[in-house]
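Notes follow the structure.
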Amino acid sequence: MGGLSVLGRAIKAMPNENYIYLGDSLNQPYTNLPRDELVEICIQNCEFLYEKGVKAIVVACNTATMVAIDDLQKCFNIPILGMWPAIKTATETCGSGQIIIMATETTLASKCVKELLEAYGKDKEIYKLACPKVITLVENGITRGKEIEYLLRDYFKKYDMEKPTTIVLGCTHFGYLGSFLMDIFGQGIQIIDGAVDVVKRLYCVLQEHDILCRTKRDSLCYEIYNSMGAKKAEISKKMLLQFLGS
């Protein structure tokens, strides 16, 4: 369900494209899976999309990217893009404030995040924050309300949120929570969402391969699938429309 926030941003940026989305709620949470099993699941999911004739694939999950992106790019002869926490952007814009990276435990422990922190975060006050229970709520369509607010306040209680703060949304499930986090902790916090960067990269890749759709559509064109079936796909459509309306 988290990838819907990436799809929503892509639709807003490139409304003329035809999108096919596959949500894999059946195998969530990815962070609990052994590496080989997750790689195989990601390959199967990409095969589903590839067989439908897509021209590019965005792996709209930070955890799947950390574990499987190299294997996926070797398996398919179309552009495959992944997600990384926007740590570089955060360090360039945070000033002297603290940076809190919200992500899964797998992402936070990854070699990629370690290298990004070594390259850009040496002189910064940076904290890693895994929020597994929040991911579970978002996966079930809960993106606002007292239940998720209580959880977020509990996760963030160890930080001084009165300080200038940048929050990196390092999991696509958190892409729904940017404005809600600002409602909770104040409009002064800065939210950095890696989905913004991946959509920009997707646009550039489509341009470079001369496969960007330039024909204007009268209406949006997208198909939504979910590994748990039609009912979950319908919930996904509602969440997408909610995101597009925000």
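The values are calculated or read from the model by the stated rules, or taken from the named source; none is laboratory data. What you see is a predicted model, and the numbers here were worked out from it, not measured in a lab. Please note: Cβ atoms are built from the backbone with ideal geometry, for glycine as well, and neighbour counts cover all protein chains shown.
Annotations
- Flag if SER227 is outside the structural domain of ILE101 (by TED's automatic domain parsing), under 23 Å from MET102 (Cα atoms) and in contact (Cβ under 8 Å) with a residue 12 or more places away in the chain: no
- Of residues in the stretch 145-199 being among the small types (Gly, Ala, Ser) and outside any helix (DSSP H, G or I), the one modelled with the lowest pLDDT: GLY188
- Only listed residue being closer than 13 Å to SER5 by Cα, outside the structural domain of ALA56 (by TED's automatic domain parsing) and surrounded by 17 or more Cβ atoms within 10 Å (Cβ to Cβ), chosen from LEU181, LEU169, LEU240: LEU169
- Restricted to the stretch 6-42, and to residues there that are out of contact with any strand residue (DSSP E or B) (no Cβ under 7 Å at 6 or more places or on another chain) and closer than 16 Å to TYR225 by Cα, the residue that is surrounded by the fewest Cβ atoms within 10 Å (Cβ to Cβ) is LEU26.
- Just one of the listed residues (LEU7, LEU26) is part of a helix (DSSP H, G or I), modelled with pLDDT under 95 and out of contact with any helix residue (DSSP H, G or I) (no Cβ under 6 Å at 6 or more places or on another chain), namely LEU26.
- Residue, surrounded by the fewest Cβ atoms within 10 Å (Cβ to Cβ), within the stretch 65-112, restricted to residues that are acidic (Asp, Glu) and within 28 Å of ILE43 (Cβ to Cβ): ASP70
- Some residue of the stretch 112-127 being under 16 Å from the mean Cα position of the chain (by Cα) and more than 16 Å from GLY178 (Cα to Cα): yes
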